[in-house]
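A short worksheet on the structure shown next.
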Amino acid sequence: MKNSKKRLARLLCAAMAAAMVLAGCNSSGGNSSSSSAGQGGEEQVLNIYTWADYFPADIVEEFTSTTGIKVNYSTFESNEEMLMKLEAAKGGQYDLILASDYIIETAIQKELVGKLDTQQIPNFQNINPAFQSKYYDPTNEYTVPYAAGIPLIIYNPELVDFEIKGFEDLWNPQLADSIVVMDDARNVIGLTLKSMGYSLNETDEAVLGQAKEKLMALKPNIRALDYSTPYNLMISGETAVGYMFTSQIITALNENPDLKVVYPEEGLGFGIDSCFVPSDAPHKENAYKFLDFILDGERSAHISEETMYINCNSAATPFIKEQALVIPDEMIEGAEFMMNVGEADELYQQIWTEFKMS
C-alpha cells in the first residue's frame, strides 16, 4: 500500500510539471556564521533564508560534506516577513533566499536582489524554459526557478454531504467550522476574488471592498489558518475541507487516498518559487556553488520527491519514472500568476488583518 501511495504522489507531481509546461507556453531569524575561511578568503559558510524544510536536510548535508561549506538555515512564515527582514538588512545578511515570484519582483524593484553570475552556475542551463522569462524576471538575470505550485481544494467525501466544484462552494453553511486554508492574504483573498469572477490580482479599491465583505462571510466556516502543515488537519479528520498547495495535497493523499481533489471551476492560480542572491550577500560564491549543486538533474529529482512540488529542471526529467497529465487543459488555459499588486498590497494586508481579528 505504501508503494502505491508513493506512486500516486509521483504521478500527481509529474502531472503538475507537465501541466506547467503547457501553462508556460501561455505566460505568464538566523544562526551565527562560521569563522573558518576557504580558498580565496571566502568564508566557508552559506546563510539560507526560506520556508522550513524547503531544502531537504539530506541535500544540505551532502552539500556540506562535498564542499566543506557550513549551511545556516533560517526560516520565515510568509513572503511579506521575508521582504521586511531583507529590507532591514538592506540586501545583506543572507546569501541565498528562496521565495515566491510576486514578492521577488518587489525585491528587485527595491534593488535588494543581485544579478546572477551564471558563469559560476554551469547547471543553470538545465532549467526548463517553460519556467523562465516570467513577468518578475523577464530576462532571467536575477532568479533560479526552484519549484512551482498550484493551490487546490481538497475535501473528505465522508464528511461532506455534497460535491464541491469550486470556490463558491466554500461558503456553503454546511461547511461551518470545517475548513482549513493557508494563512496567506494573497491566496485567500485571491480565491474570494475568483469566486466573484475577478482576477486574483485585482487592485480596484471598490472591488476589494466587496471581496472583504464576502471574505468576512466565510469566517464561520473557517476552523483553522495554517500555512505550513494544513494537511495534518485533513489527515486527522479535524477539518473536512482544505485549500492548500499541491505538495501539501499530495501529503494528505498519501495518508488518505479517498480524499477528493477539486480543480475549482472558477479557474486556477499558480506561482513559481525561485532562488535569488541578495544584492549585498556576504558569500555570493558559496550561493552560486549551492545553486549549481541543486540544479544537478538527479539531485533536483530527489528534491521534488521530497517536497512534492512541481519540478522546474529539465535535467531531472530522466529521473522522473512516471508521467501523467491529470489537470484538465481548460483549467490550465484559465490559470493566472499571482502578481505584484503594487500599492494595493497594503489594502490586501489590511483586509487580511481585519479578517483574522474578527
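Structure notes:
- Any chance Ile250 is modelled with pLDDT under 95 and surrounded by 19 or more Cβ atoms within 10 Å (Cβ to Cβ): yes
- Test: Ile351 is of a type in the set (Val, Ile, Thr), at pLDDT below 85 and touching a helix residue (DSSP H, G or I) at 6+ places or on another chain (Cβ under 9 Å): no
- Residues of segment 154-183 that turn out to be of a type in the set (Val, Ile, Thr) and out of contact with any Lys or Arg (no Cβ under 9 Å at 6 or more places or on another chain), as a count: 1
- Residue that is modelled with the lowest pLDDT [pool: residues in segment 326-343 that are aliphatic (A, V, I, L, M) and surrounded by 16 or more Cβ atoms within 10 Å (Cβ to Cβ)]: Ile327
- Close pairs from segment 157-171: first under 20 Å from Gly237 (Cα atoms), partner surrounded by fewer than 16 Cβ atoms within 10 Å (Cβ to Cβ), Cβ under 6 Å, at least 6 apart: Pro157/Lys260
- Among strands (runs of 3 or more DSSP E) entirely within segment 39-128, having at least 2 residues that are surrounded by fewer than 18 Cβ atoms within 10 Å (Cβ to Cβ) singles out 70-75.
- Every condition in (1) charged (D, E, K, R); (2) more than 20 Å from Ile303 (Cβ to Cβ); (3) out of contact with any Phe, Trp or Tyr (no Cβ under 8 Å at 6 or more places or on another chain) holds for Glu77 except the one numbered (3).
The values are calculated or read from the model by the stated rules, or taken from the named source; none is laboratory data. These numbers come from a predicted model, not from an experiment. When we count neighbours, we look across all protein chains shown, and the Cβ atoms used for this are built from the backbone with ideal geometry, even at glycine.
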